[in-house]
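In what follows, a structure is listed as structure tokens, so that the remarks can point back to it.
The values are calculated or read from the model by the stated rules, or taken from the named source; none is laboratory data. The model shown is predicted, which means the values in this text are computed figures rather than measured ones. Every residue, glycine as well, gets a Cβ built from its backbone with ideal geometry; the counts of neighbours run over all protein chains shown.
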Amino acid sequence: MIKFYYSTAPNPMKVALCLEEMGLAYEPVPVDTRKGAQHKPEYLAVNPNAKVPSIVDGDVTIFDSNAIVLYLAEKTGKFLPPNTPAQRGPMLSWLMFVASGIGPFTGQYVHFKNYAPEKIAYAVNRYEFEALRHWNIVEARLAKRRYLLGDSYSVVDMALWGWARLVPNIFGEQAAKLANVKRLVDEISARPAAQKAIALKDRHAFKTDMDEEAKRAMFPSNYRAQAAG
Ligand SMILES: N[C@@H](CCC(=O)N[C@@H](CS)C(=O)NCC(=O)O)C(=O)O
């Protein structure tokens, strides 16, 4: 049985969708990041990066959401394009684009817009611009193809879904221009596997307050001076 260390945040949700789509048996283990559970030694032994998600599959431990998504796809042989260089190359590009572009830029935009202790116009503008630039690349791709890799639903679409389902909340009116992203999200979210992944939120009452404890756990750079003192 795979142990799945999760919260309901975008990166764990990609993995939840994959586990469900692939029909894998798993035990969800909540990691309450607003209570600082990601920094506990027992969790750091699983993920030294102190983030969710991670999985433990027998004697294999994997962290970082897109690495997990690819691992699960290769393990099951499901939702991957044919293993030829011509098909695998774009699969890797788009999967890494989601991992290194979509996720980090969107995440930093959310941070500077909603959580930064000072409103820094430069940072908000830069990350909004860069996040939307990445989403517009996905939009252009989906305007010409049903899925990111063409005609078949793949793990790359699952990796995108984790963040894509939050696009309207994050970008407000600007999300209206991302019609094909919405089309893909609506299609994926209606799938039984996505419904089960979404229902994970009801299995554990995660802390919702962004209080001092949560900020210390999630934004430790704000407390650097105090920690050093
Ligand atoms: N590159 C990592 C990023 C993981 C990540 O940032 N996870 C967030 C939730 S989406 C988290 O654990 N946040 C808690 C924290 O930053 O302390 C991945 O893709 O798994």
Positions within the range 55-72 being buried (at least 20 other Cβ atoms within 10 Å of the Cβ) and either aromatic (Phe, Trp, Tyr) or within 12 Å of the ligand (Cβ to nearest atom) (or both), in sequence order: Ile55, Ile62, Ser65, Asn66, Ile68, Val69, Leu70
Selection within the range 10-25 - crowded, with 18+ Cβ neighbours inside 10 Å and outside any helix (DSSP H, G or I): Met22
Mind counting the residues in the range 1-54 that are near the ligand (Cβ under 10 Å from one of its atoms), without any contact (Cβ under 8 Å) to a residue 24 or more places away in the chain and more than 24 Å from Asp211 (Cβ to Cβ)? 0
Please state which of the following conditions Ala179 fails to meet, knowing it meets all the rest: (1) more than 16 Å from the ligand (Cβ to nearest atom); (2) surrounded by 14 or more Cβ atoms within 10 Å (Cβ to Cβ); (3) within 16 Å of His134 (Cα to Cα). (2)
Residues that are basic (Lys, Arg): which helices (runs of 4 or more DSSP H) entirely in the range 43-161 hold 2 or more of them? 121-144
Does Pro81 meet the test of being surrounded by 15 or more Cβ atoms within 10 Å (Cβ to Cβ) and more than 16 Å from the ligand (Cβ to nearest atom)? yes
Just one listed residue, out of Glu128, Glu187, Glu118, is at pLDDT below 95 and either of a type outside the set (Lys, Arg) or touching an Asp or Glu at 6+ places or on another chain (Cβ under 8 Å) (or both), and it is Glu118
Of all residues in the range 91-124, which are under 20 Å from Asp64 (Cα atoms), away from the ligand (no atom under 14 Å from the Cβ) and touching a residue at least 12 places away in the same chain (Cβ under 8 Å)? Met91, Trp94
Mind checking which pairs have a first residue in the range 63-74 that is among the small types (Gly, Ala, Ser) and a second that is assigned to a helix (DSSP H, G or I) and more than 12 Å from the ligand (Cβ to nearest atom), Cβ under 7 Å, 6 or more apart or different chains? Ala73/Val155
Aliphatic (A, V, I, L, M), touching a helix residue (DSSP H, G or I) at 6+ places or on another chain (Cβ under 7 Å) and within 20 Å of Leu72 (Cβ to Cβ) - does that describe any residue in the range 124-146? no
Give the range 162-171 a look and list any residue that's surrounded by fewer than 24 Cβ atoms within 10 Å (Cβ to Cβ), assigned to a helix (DSSP H, G or I) and not polar (S, T, N, Q), or say none. Val167, Pro168, Ile170, Phe171
